[in-house]
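A short worksheet on the structure shown next.
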Amino acid sequence: MKIPRFIFTIPNLLSLSRIVLIPLLIYLIYEKMWIYALILFAVASFTDMLDGWSARKLNQESEFGIFIDPLADKFLVISVLAALMVLDPYLEIFDFWMILVIVGRDVLITFMRYLAIRRGQILKTSRFGKVKTAFQMISIVIIIMIYFVRKTGIYITHQSVPYWIMLGVTILTALSGLRYLFTNWRLFLPEKPKEDTNTQA
C-alpha cells in the first residue's frame, strides 16, 4: 500500500500533532499528572475536529490528510488506553483482550481499505465510525477525570468504574468493525476476471 505524499498544510500538521503529542501524554499519565494529561488529551482531541474543518474551510483536502487523520486517531486512542490499563491496579494482564479487540478492528479496517484501493473502489463508511471515535475520546476524558478526582480526594469512585467504561468502548469498537464487515463483505470475494475486449470474433 503506497503512502500518499506529505503536503505541508495546516490540516496535515494538525493531524500529525496528535501523533507527536503521544509520548508526552504517555509520560504525564505515567507520572499520574492527571490534570495536565487531561488538558493535553483534550487539546489533541480538539485537533481531530479542527483538521477536518480547516481542510474544508481552507480548501486544503489531500490524499495524505485522508490517510493520516484516522491513523492519528487510532494511535492516540490505543496508546492512551493501553497506558491507562497498565497503571490501573484493578485491571489484570488478561484484560488486555480489550486492547487486542480495538487493535484488531483497526487492522481489519486498514486491510479492507487496502483491498478496496487495489480494486479501484472506495471503502463504504458510515457515521457509526465517527460515533465510535467520539465515544472513545469522551470515555478517555471521563477515565482521566476519575483518576484526577480520586487523587485529589474530591470524590472516590469504585475501582471497577474505569474497567466498565473501557469495556463499553471495546464493545462499541467491535460493533463498528462488524458494521464495516457487513457493508463491505464483497471485498473478500475473489475478483472476477476482466473480459478481454480485444478478442476477435
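Derivation of every value follows stated rules applied to the coordinates shown; laboratory data play no part. Remember, predicted model here, so these are calculated numbers, not experimental data. Cβ atoms come from the backbone with ideal geometry, glycine included; neighbour counts cover every protein chain shown.
Taking the conditions exactly as written (touching a residue at least 12 places away in the same chain (Cβ under 8 Å), assigned to a helix (DSSP H, G or I) and exposed (fewer than 13 other Cβ atoms within 10 Å of the Cβ)), does LYS151 satisfy them or not? Steps first, answer last, please.
Details: touching a residue at least 12 places away in the same chain (Cβ under 8 Å): yes; assigned to a helix (DSSP H, G or I): yes; exposed (fewer than 13 other Cβ atoms within 10 Å of the Cβ): yes.
Yes; evaluated as a whole, the condition is true for this residue.
For the list (1) surrounded by fewer than 17 Cβ atoms within 10 Å (Cβ to Cβ); (2) in contact with a Pro (Cβ under 8 Å, 6 or more places away or on another chain); (3) more than 19 Å from ILE140 (Cβ to Cβ); (4) not β-branched (Val, Ile, Thr), I need the number of the one condition that PHE8 fails.
It is condition (2) that PHE8 fails.
Can you tell me which residue within segment 75-99, out of those that are of a type in the set (D, E, K, R) and touching a residue at least 40 places away in the same chain (Cβ under 8 Å), is surrounded by the most Cβ atoms within 10 Å (Cβ to Cβ)? Explain how you work it out, then say what you get.
Narrowing segment 75-99 to residues of a type in the set (D, E, K, R): 88, 92, 95.
Filter once more, keeping what is touching a residue at least 40 places away in the same chain (Cβ under 8 Å): 88, 95.
Details: ASP88: 17, ASP95: 15.
Of everything passing the filter in segment 75-99, ASP88 is surrounded by the most Cβ atoms within 10 Å (Cβ to Cβ).
Can you pull out the residues in segment 165-179 that are within 15 Å of TRP97 (Cβ to Cβ) and without any contact (Cβ under 8 Å) to a residue 40 or more places away in the chain?
Filtering segment 165-179 down to residues within 15 Å of TRP97 (Cβ to Cβ) leaves 166-171, 173-174, 177.
Of everything in segment 165-179, those that are within 15 Å of TRP97 (Cβ to Cβ) and without any contact (Cβ under 8 Å) to a residue 40 or more places away in the chain turn out to be GLY168, ILE171.
So, SER45, is that one in contact with an Asp or Glu (Cβ under 6 Å, 6 or more places away or on another chain), surrounded by 20 or more Cβ atoms within 10 Å (Cβ to Cβ) and of a type in the set (S, T, N, Q) or not? If you could, list the steps in order and put the result at the bottom.
Values: in contact with an Asp or Glu (Cβ under 6 Å, 6 or more places away or on another chain): no; surrounded by 20 or more Cβ atoms within 10 Å (Cβ to Cβ): yes; of a type in the set (S, T, N, Q): yes.
Spelling it out, it is not the case that SER45 is in contact with an Asp or Glu (Cβ under 6 Å, 6 or more places away or on another chain), surrounded by 20 or more Cβ atoms within 10 Å (Cβ to Cβ) and of a type in the set (S, T, N, Q).
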